DNA sequence: TAAAAAAGAATGAACATTCATTTTTTTATA
DNA sequence: TATAAAAAAATGAATGTTCATTCTTTTTTA
């Protein structure tokens with residue numbers, strides 16, 4: 001009840017500020033005072049929305065992860081064929097990582113450091129289930145290689161994180177052609193070869 | 001002169017402690033005092049070997065990156081064919097990431113956060129040159145896809161980082177068979193298809 | 001006008017770094 | 001080779017700052 005009365009805008013502003021500051025300076029160099037300032041809020045106000053700094057970053061992670069997977073699966077439905085379902089999801093993920101670069105970067109940072117609680121990490125993983133289900137179906141139909149989800153993810157999805165980071169650092173620019181090539185690589189790395 | 005007298009062992013112990021603590025707690029939660037304690041040294045002593053905390057972590061990064069690439073290219077020579085050269089390097093990298101897991105994890109953390117200075121990051125990248133040269137040769141011979149180094153790296157090498165992290169988190173175990181499959185995926189994602 | 005939300009200032013702990021000494025190593029001399 | 005003076009290395013404690021969090025008061029909302 002109390003919570004519902006509090007302004008959701010303020011919570012969102014805090015989450016947004018956290019993402020931006022952690023991306024630019026790292027967790028170690030983002031004090032609560034800066035987060036508050038960027039969100040136009042008093043430091044004390046943060047504690048009306050979050051238990052402490054750890055809780056703030058955990059919740060931010062879960063929020064962003066949920067947004068990411070919502071975007072990824074938004075236009076997917078389970079009746080699609082394995083191949084076209086995968087293509088759809090892959091391209092949505094690519095889209096997200098390149099357009100919502102800030103959010104994708106934040107996830108990459110969280111996924112490669114111990115700044116997130118193990119519990120929140122697990123929470124974040126759950127959202128990926130539709131993709132894992134698709135792969136399982138693909139394996140049963142003999143279309144997808146009968147290997148661990150981790151191997152499939154490593155070759156089909158994870159490269160996009162690397163490309164996103166490289167692009168963010170200005171090292172190179174991903175265009176439409178690259179993207180199509182990348183998709184082909186992804187698909188051929190997980191499909192069963194005839 | 002003065003520097004040579006100082007015990008290289010102490011510097012190494014400090015670097016080692018930094019890797020271990022940053023891996024387990026993150027940069028934000030590794031105070032100099034803990035690093036000193038783990039290296040059996042007084043906090044003040046750190047400042048005889050490093051300018052400050054940032055310098056310590058930068059140097060640690062460069063050290064580990066150099067060790068990584070030294071290992072990767074150790075048995076490679078430029079007269080090898082593109083395909084066997086690539087296989088050799090890939091397998092050495094895989095070996096390193098799985099055996100020297102702590103070091104590989106540290107690199108992954110540094111490569112996905114702003115804890116390292118841009119200058120040190122650039123320094124670290126230089127070491128990778130032999131692989132880039134091999135790819136260039138491969139492109140000229142029509143064996144390797146004529147695409148950006150970043151795309152090749154994303155699909156051929158980076159997945160190993162993801163698999164290493166997954167393994168480290170205990171999520172799954174990479175065995176010989178997996179590794180061979182992973183290599184095949186890597187190679188087929190960068191070679192020109194006949 | 002009462003309850004909820006927000007604010008700014010205060011608090012106390014943690015931390016990076018420096019300081020003043022002590023210990024160890026090196027050098028020079030006999 | 002033994003010894004003492006000098007230099008270098010190392011130390012534990014001190015310093016001053018930064019920061020997360022809390023407290024008290026004010027403002028807003030119902």
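For region A:66-76, check the following and say yes or no: at least one residue is over 22 Å from residue A:109 (Cβ atoms) and either out of contact with any helix residue (DSSP H, G or I) (no Cβ under 6 Å at 6 or more places or on another chain) or not assigned by TED's automatic domain parsing to the domain that holds residue A:118 (or both). Taking every residue of region A:66-76 in turn, at least one turns out to be over 22 Å from residue A:109 (Cβ atoms) and either out of contact with any helix residue (DSSP H, G or I) (no Cβ under 6 Å at 6 or more places or on another chain) or not assigned by TED's automatic domain parsing to the domain that holds residue A:118 (or both).
Tell me the residue from A:21, A:88 that is part of a helix (DSSP H, G or I) and in the same structural domain as residue A:185 (by TED's automatic domain parsing), please.
A:88
Conditions tested, residue by residue: (1) within 16 Å of DNA strand D (Cβ to nearest atom); (2) modelled with pLDDT under 95; (3) surrounded by fewer than 19 Cβ atoms within 10 Å (Cβ to Cβ).
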{"site": "B:48", "(1), (2), (3)": "yes, no, yes"}
{"site": "B:65", "(1), (2), (3)": "no, no, no"}
{"site": "B:68", "(1), (2), (3)": "no, no, no"}
{"site": "B:87", "(1), (2), (3)": "no, no, yes"}
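Each row is one residue, and each column tells you yes or no for (1) free of Cβ contacts under 8 Å to residues at least 24 places away in the same chain; (2) within 18 Å of residue A:28 (Cβ to Cβ).
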| position | (1), (2) |
| --- | --- |
| B:39 | no, no |
| B:45 | no, no |
| B:52 | yes, yes |
| B:56 | no, yes |
| B:72 | no, no |
| B:80 | yes, no |
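Listed conditions (1) under 27 Å from residue B:188 (Cβ atoms); (2) out of contact with any helix residue (DSSP H, G or I) (no Cβ under 7 Å at 6 or more places or on another chain); (3) at pLDDT 95 or above are all met by residue B:37, apart from (1).
The values are calculated or read from the model by the stated rules, or taken from the named source; none is laboratory data. Quantities reported herein were computed from a predicted structural model and do not represent experimental measurements. Because the Cβ atoms are built from the backbone with ideal geometry, glycine has one as well, and the counts that use them run over all protein chains shown.
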